[in-house]
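S.K.: Sharing a structure below in structure tokens format, with a few things to ask.
The values are calculated or read from the model by the stated rules, or taken from the named source; none is laboratory data. Computed from a predicted model, the values in this text were never measured in an experiment. With ideal geometry, Cβ positions are generated from the backbone for all residues, glycine too; neighbour counts draw on all protein chains shown. Only protein heavy atoms, including side chains, enter the accessible area calculation; ligands, DNA and RNA are left aside. Shrake-Rupley method; radii C 1.70, N 1.55, O 1.52, S 1.80 Å.
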Amino acid sequence: MMRILWTFITCVNYTVLAYFFLLNTVYLTTSLFAFWGLRQYRRKKRNINIDDQTASKAALPITVIAPAHNEELTAVASMKSLLNLIYPEFEVIAVNDGSTDQTVQRLVDAFNMAPAPRFPMASLPASAVLQIYHSKTYPNFWLIDKVNGGKADALNCGLNFARTPLFCAIDSDSLLEREALKRIVRPFLEDTTTVASGGIIRIVNGCTVSGGIVNEVKLPKNWLAKFQVLEYLRAFLSGRIGWSAMNAILVISGAFGLFRRSIVIDCGGFDRNTVGEDMELVIRLHRYCREKKIPYKITYVPDPVAWTECPENIRTLGRQRDRWQRGLTESLLKHIVFLFNPRYGRLGFIAYPYFFFLEFLGPVIETLGYVSFALCIIFGKISQDFMVAFLILAFIFGMILSIIAVSLEELSFQRYPRLKDIGQLFLLAIVENLGYRQILSYYRVKGIFTMFSRTKGWGKMQRKGFAATP
Amino acid sequence: MDFLMEHASRLRGEELLILSSIAAPYLRGIAQTFNRGDLYHQAWATRILGTFGLPVYRPYLLSALSHRSPHVVMTAFRCLIAYGDPQSFDILVWSLSRFEKWNRNLLALLVASIGKNSIEVIRKGFEDESQPYFVRVILCTALREMGDIPSADIAAKILRKKTHIELAFACIRLIRNLGGKQHADLIRSLCGQENKMFRAQAIRAIGRLGDETDLPLLKAGLDDPSPWVALYCATALKDIHMEPLLKEIARSNHPRAALASQVLELS
């Protein structure tokens with residue numbers, strides 16, 4: 001019996017080694033592509049600077065849709081930041097998704113809003129609208145108060161009332177940089193087949209914010225938040241920019257993405273039956289365009305930034321990651337047809353299998369690996385060679401990748417001006433392996449198992465509010 | 001050179017000439033490497049020569065317009081447009097066919113920025129059936145931006161023939177902005193098109209060109225299955241001063257009552 005158990009553990013150990021090797025090789029590849037992509041972007045932007053055009057009538061009008069649920073602490077500051085955006089023609093539609101707090105009242109008071117008629121231009125499935133408000137101070141600001149139905153439902157509702165060729169889906173707790181729309185719209189101007197583009201999400205915790213604008217960028221004091229800063233740098237600078245350079249983007253963050261309205265409506269809007277509506281929509285857009293033979297492009301732009309507040313305690317972080325993993329799992333399983341399907345090109349053979357085997361199943365393998373590694377150490381059943389290989393692949397390789405992500409940040413955007421912060425980011429690349437990654441793996445595994453409970457909704461997030469940001 | 005370029009983008013006239021004189025001794029060397037290096041280097045060289053070296057280095061810029069990389073072509077195109085050289089207008093219009101994927105409005109604004117002395121060339125290109133449809137769309141939009149009233153007749157002539165739908169939309173928009181009552185009948189004849197966006201564009205133009213005789217058409221359009229057609233009908237009703245009718249609809253149980261209220265309150 002014991003022999004069978006140890007044979008099983010040995011198999012697990014080697015599977016885990018293979019997993020880490022594969023995972024980190026993919027990360028390294030995307031990092032290299034990201035480096036290349038960032039360089040190309042910078043050189044291209046230097047030669048063809050279309051800022052004058054994006055600031056003119058040539059810019060496509062945009063509707064920013066900000067769904068909100070119990071966001072009384074951040075809603076006013078977020079909307080102020082949106083209304084301060086530098087873009088020739090845009091409208092902001094905040095969608096209150098049945099908040100039980102003072103979100104609506106705060107917005108109505110802060111922006112001098114009154115009930116006003118507005119006719120829907122599409123009929124995507126969404127819960128009933130209770131009241132529509134229009135700001136008397138800002139003619140381009142609308143608030144839709146509706147029955148609770150979840151984030152996707154709120155986005156669909158906003159989309160029904162949007163009239164512009166493009167819409168920007170954001171989280172109502174995100175702060176967009178003032179030039180963010182001007183930058184994220186660029187792919188739509190350079191290539192009319194573009195159907196979606198994504199921007200970078202950064203962590204606002206620790207930064208100084210006033211009037212909805214991030215004035216000073218600093219690392220947060222809270223350690224969990226610090227780890228997330230590094231994680232976001234890795235995910236966006238190394239990951240998504242890299243996937244975009246390979247023309248194989250499967251995710252555009254729900255916190256900041258720009259989409260062509262007509263095509264999203266044609267393919268049915270956001271899926272209300274998943275908690276990962278952002279990823280699901282992007283996969284469905286790929287599928288829709290390929291199946292209908294519509295030429296299309298989905299891309300990432302490295303310089304438009306949305307700042308978002310991240311969880312500062314384990315419980316909230318756990319809930320967030322559980323939710324993200326459920327969203328990922330649901331989206332992948334719904335579109336399993338992609339897996340190794342030549343019809344979907346590099347998406348079917350590279351991007352989808354990566355997400356399926358390494359992001360969806362990965363946490364299970366990783367957690368099993370930590371457990372079996374610990375058991376082997378406790379019972380002294382581990383060879384020195386294996387231990388070295390495990391440490392190199394799981395930790396050192398991972399650390400190098402994090403260091404690459406920080407270096408990409410320093411080579412390109414240099415948002416963290418303080419040397420102390422940069423030093424800390426490099427240090428975090430080492431420390432995160434001692435607990436943080438394992439905690440995330442646990443919650444991601446939990447997310448896979450709780451997926452079948454079909455819990456929908458917003459997921460509670462404890463906010464401090466931007467006013468409380470130092 | 002990059003240092004000079006950084007400042008050049010913000011300067012015009014005399015000041016730019018001063019920078020050009022500083023750059024002049026180095027331009028020959030850049031011209032010699034014009035066709036070497038990767039595409040980004042070639043685009044960079046094009047930009048430098050186009051910013052500091054015109055008209056002397058015009059042949060380089062013109063040859064860049066037929067470069068295999070759209071990136072280089074666009075760089076040359078923008079430099080020549082900014083320089084506004086009448087000798088290059090024809091070639092610039094022809095080179096528009098290289099930018100099929102670029103946003104038409106953006107290109108139209110660039111073309112329109114050349115100024116009135118290019119209007120004949122633009123009109124000729126707009127009328128020219130041998131040009132790809134999207135080039136004609138760009139030129140049509142440029143003419144609209146330039147407020148060239150005679151081009152409304154050209155647009156009407158194009159609309160009378162079977163044409164690409166995108167070009168037809170551009171022509172309707174041009175007639176809406178620059179046309180007169182003489183074009184109203186043509187636009188009216190398009191209001192019954194099967195394509196909802198076609199109908200919407202035509203109805204929208206009626207708001208500007210039509211009169212009270214269009215009341216039945218606009219009233220019926222409020223019931224159109226497309227909310228866009230209904231929206232433009234309501235807006236057109238307001239434009240032809242039919243607010244009392246809109247108010248009546250807004251107060252009624254009409255399915256588009258909310259739309260009527262919105263148009264009355266806003267726009």
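S.K.: For a quick check of your reading of the filter: which trypsin sites (Lys or Arg not before Pro) in the stretch B:13-81 sit in a DSSP loop and have no more than 14 other Cβ atoms within 10 Å?
M.R.: B:R36, B:R68
S.K.: So, for the stretch A:321-410, what is the accessible surface per residue at a probe of 1.4 Å, expressed in square angstrom?
M.R.: 43 Å²
S.K.: Give the distance, in whole Å, between the Cα centre of the stretch A:236-283 and the Cα centre of the stretch A:104-146.
M.R.: Taking the Cα centre of the stretch A:104-146 as reference, the centre of the stretch A:236-283 is 26 Å away.
S.K.: Would you mind computing, in nm to one decimal, how far apart the modelled labels at A:T164 and A:I314 are, each placed 7 Å from Cα along Cα→Cβ?
M.R.: Spacing of the two 7 Å Cα→Cβ label points: 4.3 nm.
S.K.: Among B:I119, B:I22, B:I158, which one moves the most in a GNM of chain B with springs linking Cα atoms closer than 10 Å?
M.R.: B:I22
S.K.: Given labels modelled 7 Å from the Cα in the Cβ direction, how far is it in nm from A:D101 to A:F386?
M.R.: 4.9 nm
S.K.: Same structure again: For the protein assembly as shown, with the dipole built from +1 on Lys and Arg beta-carbon atoms and -1 on Asp and Glu ones, taken about the Cα centre, which of B:Q87, A:L38, A:N156 lies farthest toward the positive end?
M.R.: Highest projection toward the positive end goes to A:L38.
S.K.: Another question, then. Determine the percent antiparallel among the DSSP beta bridges restricted to chain A, to the nearest 5.
M.R.: 45 percent
S.K.: Please compute the per residue accessible area over chain B with all protein chains in place, 1.4 Å probe, rounded to a whole number of Å².
M.R.: 47 Å²
S.K.: Is the shape of chain B rounded, prolate or oblate, going by the alpha carbon gyration tensor and its root eigenvalues a ≥ b ≥ c, with a/c under 1.5 for rounded and a/b larger than b/c for prolate?
M.R.: Prolate is the answer for chain B, as a/c is 1.5 or above and a/b outweighs b/c.
S.K.: So, by mean Cβ neighbours within 10 angstrom, what's the order for B:202-211, B:51-60, B:8-17, B:255-264 with the highest one leading?
M.R.: B:202-211, B:255-264, B:51-60, B:8-17
S.K.: Rounded, prolate or oblate, given the Cα gyration tensor of the stretch A:330-423, with a/c below 1.5 counting as rounded?
M.R.: Oblate shape, in that a/c is at least 1.5 and b/c is the bigger or equal ratio.
S.K.: Something else now. Residues of the stretch A:39-113: accessible area per residue at 1.4 Å, in Å²?
M.R.: I get 37 Å² per residue for this part.
S.K.: Are there residues in the stretch B:85-105 whose accessible area shrinks by at least 40 Å² when all protein chains are included rather than the chain by itself, and which are they (probe 1.4 Å, ligands and nucleic acids not counted)?
M.R.: Hits at the 40 Å² cut-off: B:K101, B:W102, B:N103.
S.K.: Using only protein heavy atoms and a 1.4 Å probe, how much accessible area in total is buried between A and B, to the nearest 100 Å²?
M.R.: When A and B are taken together, about 2800 Å² of accessible area is lost.
S.K.: Using the Cα centre of the stretch A:142-211 as origin and beta-carbon charges of +1 (Lys, Arg) and -1 (Asp, Glu), tell me which of A:I184, A:A169, A:V195 is placed farthest towards the positive end of the dipole.
M.R.: A:I184
S.K.: Using Cα springs under 10 Å in a Gaussian network model of chain B, which residue among B:L178, B:L39, B:L159 shows the largest mean-square fluctuation?
M.R.: Answer for the Gaussian network model of chain B: B:L39.
S.K.: As an exercise, use a Förster radius of 51 Å and the Cβ-Cβ distance of A:E291 and B:A82 to find the FRET efficiency, rounded to the nearest 0.05.
M.R.: Once rounded, the FRET efficiency stands at 0.75.
S.K.: Still on this structure, I have one more. Let me know the whole percent of all Cα-Cα pairs from the protein assembly as shown that are separated by more than 46 Å.
M.R.: When all Cα pairs of the protein assembly as shown are counted, 28 percent exceed 46 Å.
S.K.: Let's test the formula: R0 of 35 Å, r as the Cβ-Cβ distance of B:N35 and A:I336. What FRET efficiency results, to the nearest 0.05?
M.R.: Approximately 0.10, to the nearest 0.05.
S.K.: Moving on to the next point. For the stretch B:41-59, which residues drop by 40 square angstrom or more in accessible area between the chain on its own and all protein chains together (1.4 Å probe)?
M.R.: Going by heavy-atom accessible area, the residues of the stretch B:41-59 that drop by at least 40 Å² are B:R47.
S.K.: Still on this model: Report the residues of the stretch A:182-225 in range of a label on B:E166: point 7 Å along Cα→C-beta, backbone N strictly under 13 Å from it.
M.R.: Once the point is set 7 Å along Cα→Cβ of B:E166, A:189-194 turn out to lie under 13 Å by backbone N, inside the stretch A:182-225.
S.K.: Using a probe of 1.4 angstrom, how much of the accessible area of the stretch A:136-184 is carbon and sulfur, in percent?
M.R.: 49 percent
S.K.: Relative to the Cα centre, what is the charge dipole magnitude of the stretch A:1-86, using +1 at the beta carbon of each Lys and Arg, -1 at the beta carbon of each Asp and Glu, and rounding to the nearest 20 debye?
M.R.: Roughly 520 debye, rounded to the nearest 20.
S.K.: Given the pairs B:K124/B:K219; A:K136/B:K247; A:K57/A:K334; A:K293/B:K162; B:K124/B:K238; A:K182/B:K157, which are separated by over 31 angstrom at their Cα positions?
M.R.: B:K124/B:K219; A:K57/A:K334; B:K124/B:K238; A:K182/B:K157, as the Cα separations exceed 31 Å there.
S.K.: Further question on the same structure: Could you give me the percent of Cα pairs per 5 Å distance bin for the stretch B:156-267, shortest bin first, beginning at zero and ending with the bin that holds the maximum distance?
M.R.: Calculated P(r), rounded to whole percents: 2, 13, 25, 24, 17, 11, 5, 2, 0.
S.K.: Given charges of +1 on the Cβ of Lys and Arg and -1 on the Cβ of Asp and Glu, with all other atoms neutral, how large is the dipole of chain B about its Cα centre, in debye to the nearest 20?
M.R.: In debye, rounded to 20, chain B gives about 360.
S.K.: So, one more: What is the stretch A:80-225 by shape, rounded, prolate or oblate, if you read a ≥ b ≥ c off the alpha carbon gyration tensor as root eigenvalues and call it rounded for a/c under 1.5, prolate for a/b larger than b/c, and oblate otherwise?
M.R.: The shape class here is oblate.
S.K.: Size of the dipole of the stretch B:50-200 about the Cα centre, Lys and Arg at +1 and Asp and Glu at -1 on the beta carbon, nothing else charged, in debye to 20?
M.R.: The dipole magnitude comes to about 400 debye.
S.K.: Now for a different question. Reachable aspartates and glutamates from A:K226, Cα under 18 Å, same-chain residues fewer than 8 places away excluded?
M.R.: A:E216, A:E309, A:E312, A:E409, A:E410, A:D421, A:E432
S.K.: Which residues belonging to the stretch A:9-46 lose at least 50 Å² of 1.4 Å-probe accessible area when the assembly is complete, relative to their chain isolated?
M.R.: Listed by number, the residues meeting the 50 Å² cut-off are A:R43, A:R46.
S.K.: Which Cα, out of A:T274, B:L259, A:L28, lies furthest along the positive dipole direction of the protein assembly as shown (beta carbon charges, K/R +1, D/E -1)?
M.R.: In the protein assembly as shown, that residue is A:L28.
S.K.: Tell me, what % of the accessible area of the stretch B:1-111 is carbon and sulfur with a 1.4 angstrom probe?
M.R.: 57 percent
S.K.: How far, in degrees from 0 to 90, does helix A:2-47 lean away from the longest principal axis of the Cα atoms of chain A, to the nearest 10?
M.R.: For helix A:2-47, the angle is close to 40 degrees.
S.K.: What percent of all Cα-Cα pairs in the stretch A:5-90 falls in each 10 Å bin, counting up from 0?
M.R.: 13, 18, 19, 23, 15, 9, 3
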